[in-house]
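Asks: My structure is below; once you've seen it, I'll send some questions.
The values are calculated or read from the model by the stated rules, or taken from the named source; none is laboratory data. Everything quoted here is computed from the prediction, not taken from an experiment. Using ideal geometry, Cβ is built from the backbone for each residue, glycine included, and neighbour counts are taken over all protein chains shown. Accessible surface areas use protein heavy atoms only, side chains included; no ligands, DNA or RNA. Shrake-Rupley method; radii C 1.70, N 1.55, O 1.52, S 1.80 Å.
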Amino acid sequence: RETYYRDSIAEVELTAIEYNIQQLKQRLDKETDICAVVKADAYGHGDVQVARTALKAGAKSLAVALLDEALKLRKAGIEAPILVMGWTRPQDAAVAAEYNIALTVFQKDWLKEVAGLQSSDPLKLHLKIDTGMGRIGVRTAVELEEVLAVLAETPEFHLEALFTHFATADEEESAYFNEQQERWDEMFSCFKRNWAEDVEIHTSNSATSMRVPERMDHFVRFGISMYGLYPSPHVKKERPIDLKPAFSLSSRLVHVKKIAAGESISYGATYTTEKEEWIGTIPLGYADGWIRKLQGAEVLVDGKRQPIVGRICMDQFMIRLDQEYPIGTKVTLIGKQGDQEISADEIAEHLETINYEIPCMISQRVPRVFQEDGRTVEVRNSLL
Ligand SMILES: Cc1ncc(COP(=O)(O)O)c(CNc2conc2O)c1O
């Protein structure tokens, strides 16, 4: 079992991942499967461990952004279907075929280049339709027909699915979402006129799968809410299903001092005590992803909110304490203490960003401690 030699850790509650998958499963019709989106190291939660948990909880497949992420899962012994949802370089398609990893296609020239590379293994492909995300994907019937023509003439290409991605599924206003659904219906009809074989379709992210569970998808691509976070404040208010956040971040006080009024803290001496104060030092900094803009946010000590004072350093930051505490006292940066909680949503709000970014930004220098019902079952320390 790996270990670690610092007091700052990210704890990932795998039971919460299972719970969240169960909540979605109960909402979907029984023939709609769940694809666990574990890209970006499972949104910072630990890709291999989350993938295993999700599959055990009933997810039938996995989705990542990069071929490298898919290969890491394969090398960890995961055999479930994996889709790379982003661009893969044509010269790397043969590696995907070798490891039975499905790729996303949306350019006829990409297909022609891959066909020319003569890989022997069949290559599984999902065709991406851009119905309004404006990122990657086929946008017109003409483009679609051209891609299908190349697919039809290349025996080693196996078209498994057609998919799209919604840009505003988590918003209150549904006009753009409806426009994308109309474009999807048009493109899907065009597809069926040009392709005889059945393929799977998948169009839903967390917001769509929770808010429109009756959508006809063979599977949904479940990301942010598998981790127990709602895709937006609006969906959090709607609360289509109950969720348990899986990610928490904690540390311990390593230094506590009482200083007189008029004393300054940290680089730039930007904070000066107005009266006699207790100051605590915490061994986490911007190299851990706890960025400098978090100055002024709060952490929990003894179940109480304590403000971050002075500039956050690369490896440490300081807080003002309401009283003296012993060295080693637990500090919660994301998570609960008693009836108090500092959520990823609160940190995101302080940073004027979205909750997706928060677990993703906690760097690999912070050990991931995997728990089941609060009991540590595995540790991943990227330094050792
Ligand atoms: C193509 C695709 N499908 C599904 C998902 C899962 O979405 P969810 O996490 O809302 O369930 C994403 C997430 N993509 C991103 C999430 O944040 N930025 C992104 O590009 C995605 O890009």
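Asks: Calculate, in nm to one decimal, what Arg239 and Glu172 gain on full extension: separation in residues at 0.36 nm each, minus their alpha carbon distance.
Replies: Answer, rounded to one decimal: 22.8 nm.
Asks: Taking the Cα-to-Cβ direction at Cys360 and at Lys336 and moving 7 Å from each Cα, how far apart do the two end points lie in nm?
Replies: Reported label-point gap for Cys360 and Lys336 is 2.7 nm.
Asks: Report the charge-dipole magnitude of the chain in Debye, nearest 20, computed about the Cα centre from +1 at each Lys and Arg Cβ and -1 at each Asp and Glu Cβ.
Replies: 1040
Asks: Suppose the chain between Asp29 and Thr140 were pulled fully straight at 0.36 nm per residue; how much longer would it get relative to their current alpha carbon spacing?
Replies: Contour length minus the Cα-Cα distance gives 36.9 nm.
Asks: Measure off 7 Å from each Cα along the Cα-to-Cβ vector at Glu153 and Asp185, then give the distance between these two points in nanometres to one decimal.
Replies: Between Glu153 and Asp185, the label points sit 3.4 nm apart.
Asks: By average Cβ neighbour count within 10 Å, what is the ranking of 93-103, 3-13, 223-233 from highest down?
Replies: Highest to lowest by the protection proxy: 223-233, 93-103, 3-13.
Asks: Roughly how many Å is it from the Cα centre of the stretch 27-63 to that of the stretch 249-328, as a whole number?
Replies: What the calculation gives is 37 Å, centre to centre.
Asks: Moving on to the next point. Roughly how many Å² of His126 are accessible to a 1.4 Å probe, to the nearest 10?
Replies: Accessible area, nearest 10 Å²: 10 Å².
Asks: Counting only protein heavy atoms, what percent of the accessible surface of the chain is carbon or sulfur at a 1.4 Å probe?
Replies: Result for the chain: 49 percent of the exposed heavy-atom area is carbon or sulfur.
Asks: What length, rounded to one decimal in nm, is gained on full extension from Ile291 through to Leu117, with 0.36 nm per residue of separation minus their alpha-carbon distance?
Replies: Contour length minus the Cα-Cα distance gives 58.2 nm.
Asks: Moving on. 5 Å is the cut-off here: which amide hydrogens, built 1.01 Å from N in the peptide plane, fall below it relative to Arg139, excluding neighbours closer than 5 in sequence?
Replies: Residues meeting the criterion, in which the H sits 1.01 Å from N, are Asp130.
Asks: Here's something else I'd like to know. Using the heavy atoms of the protein chains alone and a 1.4 angstrom probe, what is the accessible area of the stretch 281-384 per residue in square angstrom?
Replies: 45
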